[in-house]
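The values are calculated or read from the model by the stated rules, or taken from the named source; none is laboratory data. As the structure is a prediction and not an experimental result, all values here were calculated from the model. Note that each Cβ is placed from the backbone with ideal geometry, even for glycine, and that neighbours are counted across all protein chains shown.
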Amino acid sequence: MAQTPAKAPVRPLSGIFKGVKYAVNEPFITGALLYILTRGPADIRGRILGPFRTNLLSKNGTQRLAKLITALKWLTAIGVAKRINLGLNRLALNNWTFGRPGAPFEFGPSKRELVVITGGSSGFGYEMVKLFANKARVIVLDVSPFPDELARLSDVYFYRCDVTDTPAVVNLCDEIRKTHGNPSVLINNAGIGIGKTVLETSNEQCEKLFQVNLISHFVLIREFLPDMLKMKKGHIVTIASMASFHAAPGLLDYCCSKVGALYLNDGIRAECLTRYPGGEGICTTSVHPSWHQTGILNSTVTKTLQKHGIVPDPAINVSKLVVDQVLAARSGRLHVPLSEESKSGIRYWPMWYQDMMMGYVFPKSKKGFEFGKDKDSKLSE
């Protein structure tokens, strides 16, 4: 069950820096300022520049102002280019359509759609079950007991299931189809983490992690995608992670499983666009949360993170975005929070810059957080 995190300590300088960074990267702000300084009314321009006449513009004011205008031109052009790139990426991720081909979804009080959620007893899944309950029939697969508050919801059905047992999963999927019909939404949400280095992790632990975090996705997609194609509608949601984009020491198995989940999402999208009749009606969404309070983070790790200024957000922040995405019948890639989106390109940074930013080169502070560094930073024993 999601917990409300403690409030993060207030850092005025950090807030100012974020504000300046936002303004510099927002073309509406830089463009507006550029227009005012070059074509705006003289009185408004005077009010803006007035406070700087006695300091920054007191010497060589004309040249400095010209340099500022040049910088604003570049910032505006780069910002517009980024916006265009972002828009084209979102269009591509939505199968190059502004809407969605295929049969319409019928979410609402009639509950004609059937949603399958793995790992629905806690964390993101728990919140998604609650949010979907009024819009669709919901099937929950989880190895953990089902909370009473969810069991009381109407048209919500729980199946105790270990997703690492492939034959059992296949049999259960057949039972679901016979009892409830064909799911139109599959949310591969179940996930586990260990938080130890490779040499501290056993083969059995590693195999189980990949079975839960990745192999089960393949199994369930094979079970439910064929009928989605026949219905000409479907949505496959993959709960990946920001770990999909970075191989963090002490978390390598988890990161590898999550980059695999991302590639599976992207690959299924490509196959639906090119190989499967009716595939254009299938939505695919990968979700990349950062620090969020789910069952993966035990209480000890959560407290350790908070000591380092990292306060996990509530699970509902992710779950609501996922449900909104499904109800809107949009494909895409969700970074939560949105500010994390820029970090998804970390693999394209120069290697020397990656090493410097991650602290691999210069001596790091002993106070820095790293998974698996000590007993308080391990997700499981």
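Checking N203 against (1) surrounded by 14 or more Cβ atoms within 10 Å (Cβ to Cβ); (2) under 22 Å from I296 (Cα atoms); (3) over 27 Å from the mean Cα position of the chain (by Cα), which single condition isn't satisfied? Among (1) surrounded by 14 or more Cβ atoms within 10 Å (Cβ to Cβ); (2) under 22 Å from I296 (Cα atoms); (3) over 27 Å from the mean Cα position of the chain (by Cα), N203 violates only (1). Taking the stretch 248-269 as the range and being among the acidic types (D, E) and surrounded by fewer than 21 Cβ atoms within 10 Å (Cβ to Cβ) as the test, only D266 passes. For the residues S216, S241, the requirement of being touching a residue at least 24 places away in the same chain (Cβ under 8 Å) and touching a His at 6+ places or on another chain (Cβ under 8 Å) singles out S241. Restricting attention to the stretch 228-247, which residues are buried (at least 20 other Cβ atoms within 10 Å of the Cβ) and assigned to a helix (DSSP H, G or I)? Correct list: M228, M242, A243, S244, F245.
For the condition closer than 24 Å to G195 by Cα, touching a residue at least 12 places away in the same chain (Cβ under 8 Å), touching a helix residue (DSSP H, G or I) at 6+ places or on another chain (Cβ under 9 Å) and among the acidic types (D, E), what is the one hit in D253, D227? Just a single option satisfies the conditions, and that option is D253. Only residues that are closer than 16 Å to M128 by Cα and of a type in the set (D, E) were counted in the stretch 145-174, giving 3. One residue stands out in the stretch 331-353 among those that are at pLDDT 85 or above and among the polar types (S, T, N, Q): the one that is farthest from L273 (Cα to Cα), namely S344. Scanning the stretch 259-282 for residues that are farther than 16 Å from H217 by Cα, charged (D, E, K, R) and assigned to a helix (DSSP H, G or I) yields a count of 1.
Of the residues L220, L225, which single one is surrounded by fewer than 21 Cβ atoms within 10 Å (Cβ to Cβ) and farther than 17 Å from S344 by Cβ? Criteria check complete, one pass: L225. A single entry from F132, F146, F158, F107 fulfils the requirement of being outside the structural domain of V326 (by TED's automatic domain parsing) and under 26 Å from the mean Cα position of the chain (by Cα): F107. Among the criteria (1) surrounded by 19 or more Cβ atoms within 10 Å (Cβ to Cβ); (2) at pLDDT below 95, the one N213 does not fulfil is (2).
Being closer than 18 Å to P289 by Cα and either of a type in the set (D, E) or in contact (Cβ under 8 Å) with a residue 60 or more places away in the chain (or both) is true for just one of I176, I194, I236. Which residue is that? If you could, list the steps in order and put the result at the bottom.
On the way: I176 fails: closer than 18 Å to P289 by Cα; I236 fails: either of a type in the set (D, E) or in contact (Cβ under 8 Å) with a residue 60 or more places away in the chain (or both).
On inspection, the qualifying residue turns out to be I194.
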